[in-house]
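Before any comments, here is the structure.
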Amino acid sequence: RGGTRAMPRTRPGKAGGQAEATPSSPQPRHGRAAAAAWAAVVLTCLARHWHVPAAVPATAGPEVFSAERAYAVVEDLVGCGPRYTGELENEICAVDRLRAQIAAAGAGAELEVDIQRVSGH
């Protein structure tokens, strides 16, 4: 195992020309303070980045997204059962339930519809 061994620091002063070993000096404390400050900055940034806003209740107006309302629609769709392509649950039940949700939104609600027709190619 090659390598060099660190020699203790010495200071002159004993009779007979021998040097006296001194203990190593303590590490500077500014390194710990800088690390603590850096950790505080990182944790503050992460807390602001991952902040979750308060949930909007289902009673909120229609112009605001409500996770509670959306979850109710999903629960309604799950009541149809598995919705595989071409199955009755997907083609009839889910479509009927979505139409009922759209009708419940009222005449003043804005809706953007995108219909995709499969050609079979």
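With the requirement that a residue be among the charged types (D, E, K, R) and surrounded by 10 or more Cβ atoms within 10 Å (Cβ to Cβ), what does the range 71-121 give you?
Just the residues of the range 71-121 that are among the charged types (D, E, K, R), to begin with: 75-76, 83, 87, 89, 91, 96-97, 99, 110, 112, 114, 117.
Across the range 71-121, the qualifying residues are 76, 83, 87, 89, 91, 96, 97, 99.
Consider residue 19 carefully, then state whether it is surrounded by 10 or more Cβ atoms within 10 Å (Cβ to Cβ) and either at pLDDT 85 or above or not acidic (Asp, Glu) (or both). Show your work before the answer.
On the way: surrounded by 10 or more Cβ atoms within 10 Å (Cβ to Cβ): yes; either at pLDDT 85 or above or not acidic (Asp, Glu) (or both): yes.
Here the answer is yes, as residue 19 does meet what is asked.
Where the second residue is assigned to a helix (DSSP H, G or I) and among the hydroxyl-bearing types (Ser, Thr, Tyr) and the first is within 22 Å of residue 74 (Cβ to Cβ) and without any contact (Cβ under 8 Å) to a residue 24 or more places away in the chain and lies in the range 93-121, which pairs have Cβ atoms under 9 Å and are six or more apart or on separate chains?
none
The values are calculated or read from the model by the stated rules, or taken from the named source; none is laboratory data. Because the structure is a prediction, the values reported are computed rather than measured. Glycine also receives a Cβ, built like all others from the backbone with ideal geometry; neighbour counts cover every protein chain displayed.
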